[in-house]
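The values are calculated or read from the model by the stated rules, or taken from the named source; none is laboratory data. Remember, predicted model here, so these are calculated numbers, not experimental data. Because the Cβ atoms are built from the backbone with ideal geometry, glycine has one as well, and the counts that use them run over all protein chains shown.
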Amino acid sequence: MSSVLGLLFSGIGFLATLPVIFEALVYDTPAGWGSFMCALLVFAGVQLLTIGLVGEYVGRMYLTTNRRPQFVVREVAQSDRPSARS
């Protein structure tokens, strides 16, 4: 979930840089405000993405060390045709 939110926030950060740059150029904003906001928006998303990737790695390592399957087969579908292995 953190990885998806990180990608989403990074994308929003990249898109939000356009209005921030426009506002910094057109209106009287404090010096450095535009670049600071752009960097903050993008890097906050990148941090969430990184935390999500580390979480996925740690979770898979936990499942591997406990010898638990990473997935469960819910249902097995069988066909009416004879199998080719016979």
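Out of the residues in segment 13-22 that are loosely packed, with under 15 Cβ neighbours inside 10 Å and in contact with a helix residue (DSSP H, G or I) (Cβ under 7 Å, 6 or more places away or on another chain), state the one that is farthest from Tyr57 (Cα to Cα). Selected residue: Ile21.
Yes/no per residue for (1) closer than 16 Å to Met1 by Cβ; (2) of a type in the set (Ser, Thr, Tyr); (3) surrounded by 14 or more Cβ atoms within 10 Å (Cβ to Cβ):
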| residue | (1), (2), (3) |
| --- | --- |
| Met37 | no, no, yes |
| Leu41 | no, no, yes |
| Leu49 | yes, no, yes |
| Gly55 | yes, no, no |
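Are there any pairs, at least 6 apart or on different chains, whose C-beta atoms fall under 8 Å, with the first in segment 1-14 and farther than 12 Å from Ala44 by Cβ and the second hydroxyl-bearing (Ser, Thr, Tyr) and in a helix (DSSP H, G or I), and if so, which? Within 8 Å, no pair qualifies.
Residues considered: Pro30, Pro69, Pro82. Of these, the only one that is free of Cβ contacts under 8 Å to residues at least 24 places away in the same chain and within 28 Å of Leu5 (Cα to Cα) is Pro69. Leu63 meets the stated requirement of being touching a Pro at 6+ places or on another chain (Cβ under 8 Å) and without any contact (Cβ under 8 Å) to a residue 12 or more places away in the chain. Number of residues in segment 1-12 that are more than 8 Å from the chain's Cα centre (by Cα) and surrounded by 13 or more Cβ atoms within 10 Å (Cβ to Cβ) equals 3. How about segment 57-79: which of its residues are part of a helix (DSSP H, G or I), loosely packed, with under 11 Cβ neighbours inside 10 Å and of a type in the set (A, V, I, L, M)? Val58, Met61, listed by residue number. Take the residues in segment 23-34 that are in a helix (DSSP H, G or I) and at pLDDT 80 or above, then tell me which one is farthest from Glu56 (Cα to Cα). The residue in question is Val26.
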